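Data first, discussion second: the structure below is written as structure tokens.
The values are calculated or read from the model by the stated rules, or taken from the named source; none is laboratory data. No experiment lies behind these values; they were computed from the predicted model shown. Virtual Cβ from ideal backbone geometry, glycine too; neighbours counted across all protein chains shown. Accessible surface areas use protein heavy atoms only, side chains included; no ligands, DNA or RNA. Shrake-Rupley method; radii C 1.70, N 1.55, O 1.52, S 1.80 Å.
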Amino acid sequence: MEAKGDKAVINRGRLRWHASRHALLELDILFRRFLDEHFDRLDDSQLAVLEELLALEDLDLWEMICGRRECRDARWNGLVELLRAS
Amino acid sequence: MNVTKRTFDAVIVGAGGAGLRAALQLSEAGMRTAVLSKVFPTRSHTVAAQGGVAASLGNSTEDNWHWHMYDTVKGSDWLGDQDAIEFMCRKANEVVIELEHFGMPFDRTDNGKIYQRPFGGHSQNYGQSPVMRSCAAADRTGHAMLHALYQRNVRANTQFFVEWMALDLIRNSAGDILGVTAMEMETGEISIFHSRATVFATGGAGRIYYSSTNAFINTGDGVGIAARAGIPLEDMEFWQFHPTGVAGAGVLITEGVRGEGGILRNAAGERFMERYAPNLKDLASRDVVSRSMVTEINEGRGCGPDKDHVMLDITHLSPETIMKRLPGIREIAIQFAGVDPIKAPIPVVPTCHYQMGGIPTNYKGQVVVPKDGNPNSPVQGFYAAGECACASVHGANRLGTNSLLDLLVFGKSSGETVVADFKSGSLTLKDLPADAAEASLARIARLDGQKGGEGVHDVRLAMQRTMQKHAGVFRFADLLKEGVSKMAEIADRSKRTEIGDKSKVWNTARIEALELDNLIEVAQATIVSAEARKESRGAHVRDDAPDTAQRPNGRDDQNWLKHTLWYSQGNRLDYKPVNLKPMSPDVESIALAKRTY
């Protein structure tokens, strides 16, 4: 159990860092608000979606948040909406 | 704490355009090369560069490197070193075509050549008419460049240490550089990267300002680290500002908005640019618009409860025009200013954009310092390229599209110099001093043990607000003087920062505290250098150095045609001559003249 707990802590820490530093200021600001307001309440499935979003190119993710590009996966819609509203 | 030692032929800090270009040179030459980066390489801030890369290919209009060199010297307000500028402009075609061969998807002309666009400040025939010199890949030039370079590095077996933060340089008693200490973010463990060559390519430090277009990652790590290690910082008073960043956020509102008819207004709703630039009005040059905005704010005509911004108004444009001609601007205004620009004006302020100064280098990418009477004596084992370095090609002001060129040319040249030194046998692996990691361990221990200190966020905010107010786009003697004292106090406060989370694993608070140490060095260098330079030149514009017949544009070549060098140790200044002599004997120096467009 302890090993699993450690792994979860590491995973959250890694995602928090990935979410906090981007190539674009636009994403840095939106994600800072998102981290403050929502991150601690995300469940495992939401964290998995966040990981997928953070694997995208920053320019593509920004266009998705702006609504200029469609989400490739319908599961992403919820978090993208949260980011847009952050 | 256990400190692991890793040995490489070369360690490169930073994996943006300059770091990747340097790494490629080394790895392809068979050198064992480690690249450290706080983020995955394609997340580097180079991605944000959209405008293009300058090269006098002459594909769209007649062009040659002599004209490009003239434009760059003039743009620099004659503070750029002409040997480095000649080198950069002559090398431009080579590095751009190389990039094309690496798979960079440049825009094309009908006959298949690289398409080139015009860009501000670039001209034909020594300022006579605009030239098409910028090579772009749609609006994703920086992004495409990084991807092309990253793929090439993977092929060349460059070893990446992703999510590692460099902490301090390691120097021996002779002053040679022997590598860096660095922290792995996942574990918080400290390692020594022992190397024959150390190349810094860590980008700029635009986050020293409250309003900055720079991403959060731009904390000037390499610049701060170099300063702590006793390397002087060159020309740090010169920062390029963009007139229209969203107030409070910094996100850039492109010049195209004013091109489409956007109007700047003060609190009374007045179109104030009519008073400052009766002909060009809102389309006057960046520096004129920025200074006019600051004057409005300083004279109490700013908007909002704190009267600290002006408004960019496009409500008179039709919604169709805004949606069609200015895509993205509406989203930016809604997201970051909370206003729909179709219905209400956007609050904007002049915003820090690019760092012209940095770690002093020559055109070979070697870091140079004054020693034994030589103002440019190379530091053994130490190289730098890109925005963190000062070659100096941008001098007092950078031309658009010359930043991507800078990182390609000097990324490559620093790599070439390292390879040449390696092959000649002059680049040896020198013995580490016993206390190689001591300074870094002491910084971490101080942070972990601090009681009753101040929050990192509070100190950073104090620094950013002080820099914005006291050393912004338009500078005043009394504000600068006061700012120097304030920054000294803030630097003292930064030595007592405290973090609540002392854990090792992915401790973002610790990373931010360590980044603040670097930002503070840069902020101090900037304001002390700016206060001392009693002239206006390029981006450094002082109220008490106005445009007169004796001193056109407020520039004082008799007393101030020299590079500033700021030393962290003692917070002191020194100066060195500007090199007005080009690299080649048959190339004529660009003679001093008033900078007018």
* Asked: Is there a residue being closer than 16 Å to B:Ala144 by Cβ and either in contact with a helix residue (DSSP H, G or I) (Cβ under 9 Å, 6 or more places away or on another chain) or at pLDDT 95 or above (or both) anywhere in the range B:55-70?
  -> yes
* Asked: Does B:Gly483 satisfy being surrounded by 15 or more Cβ atoms within 10 Å (Cβ to Cβ), at positive phi and touching an Asp or Glu at 6+ places or on another chain (Cβ under 9 Å)?
  -> no
* To do: For residues that are open to solvent by less than 60 Å² (accessible area, probe 1.4 Å) and more than 25 Å from the chain's Cα centre (by Cα), tally how many sit in the range B:558-589.
  => 3
* Mind checking which residues of the range B:75-97 are in contact (Cβ under 8 Å) with a residue 12 or more places away in the chain and among the acidic types (Asp, Glu)? -> B:Asp77, B:Asp81, B:Asp83, B:Glu86
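Residues are listed down the side, and each one gets a yes or a no for (1) of a type in the set (Ser, Thr, Tyr); (2) open to solvent by 10 Å² or more (accessible area, probe 1.4 Å); (3) within 12 Å of chain A (Cβ to nearest Cβ); (4) in contact (Cβ under 8 Å) with a residue 24 or more places away in the chain:
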residue: B:Met185; (1), (2), (3), (4): no, no, yes, yes
residue: B:Gly188; (1), (2), (3), (4): no, no, yes, yes
residue: B:Ile192; (1), (2), (3), (4): no, yes, no, yes
residue: B:Ala205; (1), (2), (3), (4): no, no, no, yes
residue: B:Ser212; (1), (2), (3), (4): yes, no, yes, yes
residue: B:Gly224; (1), (2), (3), (4): no, no, no, yes
* Output the number of the condition that B:Lys502 fails; it satisfies all remaining conditions of (1) without any contact (Cβ under 8 Å) to a residue 12 or more places away in the chain; (2) farther than 30 Å from B:Ser76 by Cβ. => (1)
* Does the range B:344-356 include one or more residues that are closer than 30 Å to B:Val35 by Cβ, open to solvent by 10 Å² or more (accessible area, probe 1.4 Å), under 28 Å from the mean Cα position of the chain (by Cα) and of a type outside the set (Gly, Ala, Ser)? -> yes
* Asked: How many residues are hydrophobic (A, V, I, L, M, F, W, C), within 30 Å of B:Glu237 (Cα to Cα) and surrounded by fewer than 18 Cβ atoms within 10 Å (Cβ to Cβ) if we restrict to the range B:445-461?
  -> 1
* Structure fact -> By residue number, the members of the range B:120-157 that are more than 18 Å from B:Asp107 (Cβ to Cβ), touching a residue at least 24 places away in the same chain (Cβ under 8 Å) and of a type in the set (D, E, K, R) are B:Arg152
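Taking B:Val95 as the residue in question, decide whether it is away from chain A (no Cβ under 14 Å), aliphatic (A, V, I, L, M) and in contact with a Leu (Cβ under 7 Å, 6 or more places away or on another chain). Write out each step before concluding.
Working: away from chain A (no Cβ under 14 Å): yes; aliphatic (A, V, I, L, M): yes; in contact with a Leu (Cβ under 7 Å, 6 or more places away or on another chain): yes.
In short, yes.
Of the residues B:Ala513, B:Ala532, which single one is surrounded by fewer than 17 Cβ atoms within 10 Å (Cβ to Cβ), touching a strand residue (DSSP E or B) at 6+ places or on another chain (Cβ under 9 Å) and not charged (D, E, K, R)? Before you say what the answer is, go through the steps one by one.
On the way: B:Ala513 fails: surrounded by fewer than 17 Cβ atoms within 10 Å (Cβ to Cβ).
On inspection, the qualifying residue turns out to be B:Ala532.
Report whether or not B:Thr219 is within 14 Å of chain A (Cβ to nearest Cβ) and surrounded by fewer than 24 Cβ atoms within 10 Å (Cβ to Cβ). Steps first, answer last, please.
On the way: within 14 Å of chain A (Cβ to nearest Cβ): yes; surrounded by fewer than 24 Cβ atoms within 10 Å (Cβ to Cβ): no.
So B:Thr219 fails the test.
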* For B:Leu317, are the conditions met, namely being open to solvent by less than 30 Å² (accessible area, probe 1.4 Å), over 25 Å from B:Asp478 (Cα atoms) and part of a loop (DSSP other than H, G, I, E, B)? -> yes
* Taking B:Pro375 as meeting all but one of (1) open to solvent by 20 Å² or more (accessible area, probe 1.4 Å); (2) within 14 Å of chain A (Cβ to nearest Cβ), write down the number of the exception. => (2)
* **Condition broken by B:Gly472, with the remaining ones in (1) within 18 Å of B:Val528 (Cβ to Cβ); (2) part of a helix (DSSP H, G or I) satisfied** => (2)
* **Per-region count, the range B:343-397, residues of a type in the set (A, V, I, L, M) and either part of a loop (DSSP other than H, G, I, E, B) or closer than 14 Å to B:Phe87 by Cβ (or both)** => 7
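Do you know which residues across the range B:194-203 are buried (at least 24 other Cβ atoms within 10 Å of the Cβ), of a type outside the set (S, T, N, Q) and more than 14 Å from chain A (Cβ to nearest Cβ)?
Answer for the range B:194-203, where residues must be buried (at least 24 other Cβ atoms within 10 Å of the Cβ), of a type outside the set (S, T, N, Q) and more than 14 Å from chain A (Cβ to nearest Cβ): B:Arg196, B:Ala197, B:Val199, B:Phe200, B:Ala201.
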* To do: Can you run down the residue pairs with Cβ atoms below 6 Å, 6 or more apart or on separate chains, where the first is in the range B:310-337 and within 11 Å of chain A (Cβ to nearest Cβ) and the partner is among the small types (Gly, Ala, Ser) and surrounded by 16 or more Cβ atoms within 10 Å (Cβ to Cβ)?
  => B:Phe336/B:Ala249
* **Single residue of the range B:34-60 satisfying the filter (of a type in the set (A, V, I, L, M), in a loop (DSSP other than H, G, I, E, B) and more than 14 Å from chain A (Cβ to nearest Cβ)) that is least open to solvent (accessible area, probe 1.4 Å)** => B:Ala55
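When the range B:546-581 is examined, which residues are found to be acidic (Asp, Glu) and within 21 Å of B:Ala227 (Cα to Cα)?
So in the range B:546-581, the residues acidic (Asp, Glu) come out as B:547, B:556-557, B:574.
Answer for the range B:546-581, where residues must be acidic (Asp, Glu) and within 21 Å of B:Ala227 (Cα to Cα): just B:Asp574.
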* **Top-ranked residue in the range B:275-298 [being at pLDDT below 95 and charged (D, E, K, R); ranked as most open to solvent (accessible area, probe 1.4 Å)]** => B:Arg286
